[in-house]
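Step one of this worksheet: look at the structure below.
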Amino acid sequence: MSIYGPSASSSLVTPALAALSQDSNRQVDSVALDYLLIEAVRTLRHSSKIATARIRATEEEMIAEGLLPPPAPLSAVPLSIKADSVKDAVASQREARIAEEEEEALRVRLEGMGAIVGSNLAERYSKDKPRFQDTLDTVKFICKDLWTAMWDKQVDNLRTNHRGVYVLQDNAFKPLLRMSSPEGSADALRRAKIYLAFPVGVIRGALSRFGLNAVVTAEALTLPQCTFQVKLPKGQ
Amino acid sequence: MSRPPRLNAVAYISAAQSPILVRTFVPNKQDDLKYHYIAHTSLDVIEERVASTSKLGECYLGHLYSMEDLAVYGWIAPSKIKIVLALALTDAVIKDQDIVTLFKALHLAYHQALSNPFLRLNISPEVANDPAALVVAGDARWKSLTKRVDAIGKAVNEAP
């Protein structure tokens with residue numbers, strides 16, 4: 001301290017600097033996130049259907065004009081079926097393939113959204129924390145802080161084989177909590193699968209922000225319980 | 001009355017040791033290269049400090065070294081990006097807590113600029129996760145980081 005006593009101008013931290021170092025504590029109603037995710041799936045499904053239809057139409061045009069080779073033939077249909085059902089079988093196979101493509105495109109898009117959200121949230125919540133000692137610490141951070149921020153609870157069970165595979169289990173996963181289908185639980189399970197794409201992306205994005213490139217998959221065996229499996233490559 | 005210490009330069013370095021942004025606040029533009037060099041040499045010191053204090057997990061790495069008339073301080077965030085600060089040496093005693101506040105402001109500026117959803121608008125997904133590539137690729141949109149860092153520089157250097 002100088003002999004003239006402490007004074008504002010000899011301090012590094014001016015009021016303006018102090019203001020710039022405080023993060024504004026803006027908050028969002030968590031219900032808004034739930035609604036957004038539900039609507040996102042519905043809207044993006046519709047949007048990606050239109051996008052893939054447009055791509056397919058251009059492809060078919062180019063095939064018709066001979067610019068592209070025709071698509072590989074579908075898997076062989078058994079010879080014992082009669083002529084009409086052969087046509088039906090081929091048409092339904094083609095439809096199934098199109099539906100699969102659309103679902104995949106939707107999943108990739110939701111995961112991409114999740115990755116960006118996850119990496120930004122991870123940075124925001126880890127700003128005031130000390131550095132992580134190892135990978136387990138990072139995964140624990142995701143299970144506690146990130147999960148609490150998004151879904152108001154922590155992950156219920158974390159298991160690891162200490163060789164780079166972590167399994168996060170949530171017994172009452174918020175997005176799946178109020179899902180049911182009039183056609184029974186098997187149908188509900190099938191339709192709920194796509195809603196796990198965004199959280200998978202969040203986990204992957206958060207890990208990548210900390211330098212860990214993981215492969216994340218999700219599984220739901222009974223609603224609302226689900227597990228996320230995180231596989232980290234060797235050496236991380 | 002001793003003058004407050006001046007902030008001469010700030011450097012952000014990504015987890016892959018590549019520079020994200022080096023911003024200087026000195027009137028002489030030819031010294032820019034000097035600060036690039038300072039950021040580079042700080043990397044070695046940072047690595048050493050990180051290896052020796054990894055148990056504590058502190059983000060603030062403290063005073064790294066002094067050079068001519070500069071004191072260099074370092075910070076490493078949990079997301080492995082490093083921030084290097086070059087302060088002009090003065091007679092004033094500089095409190096550690098003040099430097100920590102300065103680093104917090106810089107890290108916040110980085111986080112806010114990175115959270116811009118339009119940053120990755122027309123960029124391929126592989127590039128999207130690497131902040132150093134984003135600076136090159138998302139050129140015009142990354143201006144917000146430069147602007148924020150300038151605001152911090154002003155807040156420190158032009159104290160009333």
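The values are calculated or read from the model by the stated rules, or taken from the named source; none is laboratory data. Since the structure is predicted, the reported quantities are computational estimates derived from the model, not experimental observations. Because the Cβ atoms are built from the backbone with ideal geometry, glycine has one as well, and the counts that use them run over all protein chains shown. Only protein heavy atoms, including side chains, enter the accessible area calculation; ligands, DNA and RNA are left aside. Shrake-Rupley method; radii C 1.70, N 1.55, O 1.52, S 1.80 Å.
Results, tabulated for the structure shown:
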| item | result |
| --- | --- |
| Qualifying residue in the range A:108-120 (condition: among the aliphatic types (A, V, I, L, M) and under 17 Å from A:Glu219 (Cα atoms)) | yes |
| Hits in the range B:74-105 (condition: buried (at least 19 other Cβ atoms within 10 Å of the Cβ) and more than 11 Å from every other protein chain (Cβ to nearest Cβ)) | B:Gly74, B:Lys82, B:Ile83, B:Val84, B:Ala86 |
| Verdict on A:Ser181 being more than 14 Å from every other protein chain (Cβ to nearest Cβ), open to solvent by 80 Å² or more (accessible area, probe 1.4 Å) and modelled with pLDDT under 90 | no |
| Single unsatisfied condition, B:Tyr35 versus (1) open to solvent by 30 Å² or more (accessible area, probe 1.4 Å); (2) in contact (Cβ under 8 Å) with a residue 40 or more places away in the chain | (1) |
| Subset of the range A:117-131 that is within 18 Å of the chain's Cα centre (by Cα) and more than 7 Å from chain B (Cβ to nearest Cβ) - its residue that is nearest to B:Thr53 (Cα to Cα) | A:Ala122 |
| Which numbered condition A:Ala83 misses (of (1) of a type in the set (Gly, Ala, Ser); (2) at pLDDT 90 or above; (3) more than 23 Å from B:Leu114 (Cα to Cα)) | (2) |
| Residues that are touching a strand residue (DSSP E or B) at 6+ places or on another chain (Cβ under 7 Å), over 15 Å from A:Asp170 (Cβ atoms) and crowded, with 19+ Cβ neighbours inside 10 Å, drawn from the range A:208-236 | A:Ala214 |
| A:Arg191 being under 13 Å from the mean Cα position of the chain (by Cα) and either assigned to a helix (DSSP H, G or I) or surrounded by 18 or more Cβ atoms within 10 Å (Cβ to Cβ) (or both) | no |
| Any pair with Cβ under 9 angstrom, 6 or more apart, that starts in the range A:29-51 at a residue that is loosely packed, with under 14 Cβ neighbours inside 10 Å and ends at one that is outside any helix (DSSP H, G or I) | A:Ser30/A:Asp152 |
| Residue in the range A:135-149 that is out of contact with any Gly (no Cβ under 7 Å at 6 or more places or on another chain), more than 14 Å from every other protein chain (Cβ to nearest Cβ), at pLDDT below 90 and open to solvent by 30 Å² or more (accessible area, probe 1.4 Å) present | yes |
| Conditions (1) at pLDDT 85 or above; (2) open to solvent by 10 Å² or more (accessible area, probe 1.4 Å); (3) within 14 Å of the chain's Cα centre (by Cα); number of the one not met by B:Val149 | (2) |
